[in-house]
Amino acid sequence: MARNRRPVPKEQKRDELLAAAAQLLVLDGYEATSMSRLAQYAGVAPNTLYWYFRDKDELLVAVADRYFQALLHEHASLADRPLAEQFRWLIERLRPVKHLVATVHNRVAVSESVREWHTGFHRSFEDLFERQLANPLAAEHRTAEFAAATFVLEGAITHSIDEATTDQLCKITADRLHRAAETKMNAT
């Protein structure tokens, strides 16, 4: 016979489900984490997950966004640090969840909700990092400059690169963005 459970506020239950999903997605990966497996791990009926999340991609976005919000909160204490240090910090925070990062990139091509979240993630960090520059980047070069920086940082996150090389990549990338901002200033 089913036992009566105390009612749990919806936000608290959602947070519990997200915590369980984050653990499984990071440990076992997206493909190995079925909704029914997650429900079992979280101690709920499988249909309970669908009361909170439309599908597995919406759950992935919620997990990624939860992590993103924690990153933004923690980043606030670094805002006055040099850009290269901020890049290094971001790499250090994302390396432990590099499989989650890879999953987001894999799902961008097939999921509108993941694509929208991913675009917002990049925009937010680009804006944060651009504030560290003497001037905004020239509009005609901004997209390409940040794409180059993003590809370098994502490569450092997802590949096994030694610490010295990672530090050099961060410095080179920051220097490139600073030079691009100075170029705009000298051109005006």
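The values are calculated or read from the model by the stated rules, or taken from the named source; none is laboratory data. Predicted, not measured: the structure shown is a model, and the values here were computed from it. Counting neighbours? That spans all protein chains shown, and the Cβs are built from the backbone with ideal geometry, glycine included. Only protein heavy atoms, including side chains, enter the accessible area calculation; ligands, DNA and RNA are left aside. Shrake-Rupley method; radii C 1.70, N 1.55, O 1.52, S 1.80 Å.
Selection of region 73-84 for residues being of a type outside the set (Lys, Arg) and either free of Cβ contacts under 8 Å to residues at least 24 places away in the same chain or outside any helix (DSSP H, G or I) (or both) yields 73, 74, 76, 77, 78, 79, 80, 82.
In this structure, residue 143 qualifies as open to solvent by 30 Å² or more (accessible area, probe 1.4 Å), of a type in the set (Val, Ile, Thr), more than 12 Å from residue 91 (Cβ to Cβ) and without any contact (Cβ under 8 Å) to a residue 40 or more places away in the chain. Take residue 25 and decide whether it is surrounded by fewer than 16 Cβ atoms within 10 Å (Cβ to Cβ) and assigned to a helix (DSSP H, G or I). No: the conditions fail for residue 25.
Is it true that residue 96 is open to solvent by 70 Å² or more (accessible area, probe 1.4 Å) and within 21 Å of residue 159 (Cα to Cα)? Give the steps one after another, and end with the answer.
Values: open to solvent by 70 Å² or more (accessible area, probe 1.4 Å): yes; within 21 Å of residue 159 (Cα to Cα): yes.
The answer is yes for residue 96.
Of the residues examined, residue 8 is not one that is closer than 17 Å to residue 65 by Cβ, at pLDDT below 90 and either among the β-branched types (Val, Ile, Thr) or touching a strand residue (DSSP E or B) at 6+ places or on another chain (Cβ under 7 Å) (or both).
Looking across region 41-87, the residues that are open to solvent by less than 10 Å² (accessible area, probe 1.4 Å) and among the aromatic types (Phe, Trp, Tyr) come down to 53, 87.
Of everything listed in (1) without any contact (Cβ under 8 Å) to a residue 12 or more places away in the chain; (2) under 30 Å from residue 171 (Cα atoms), the single unmet condition for residue 64 is (1).
The rows are residues; the columns are (1) at pLDDT below 90; (2) open to solvent by 40 Å² or more (accessible area, probe 1.4 Å); (3) farther than 22 Å from residue 75 by Cα; (4) aliphatic (A, V, I, L, M).
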{"position": "90", "(1), (2), (3), (4)": "no, no, no, yes"}
{"position": "100", "(1), (2), (3), (4)": "yes, no, no, yes"}
{"position": "104", "(1), (2), (3), (4)": "no, no, no, yes"}
{"position": "112", "(1), (2), (3), (4)": "no, yes, yes, no"}
{"position": "133", "(1), (2), (3), (4)": "no, no, no, yes"}
{"position": "149", "(1), (2), (3), (4)": "no, no, no, yes"}
{"position": "157", "(1), (2), (3), (4)": "no, no, no, yes"}
{"position": "180", "(1), (2), (3), (4)": "no, no, yes, yes"}
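Listed by first and then second residue, the pairs linking a residue in region 171-184 that is over 17 Å from residue 143 (Cβ atoms) to a residue that is open to solvent by 70 Å² or more (accessible area, probe 1.4 Å) and part of a helix (DSSP H, G or I), with Cβ atoms under 9 Å apart and 6 or more places separating them unless they lie on different chains, are 174/85. Here the condition is being under 15 Å from the mean Cα position of the chain (by Cα) and without any contact (Cβ under 8 Å) to a residue 12 or more places away in the chain; of 22, 45, 32, 70, it holds for 70 alone.
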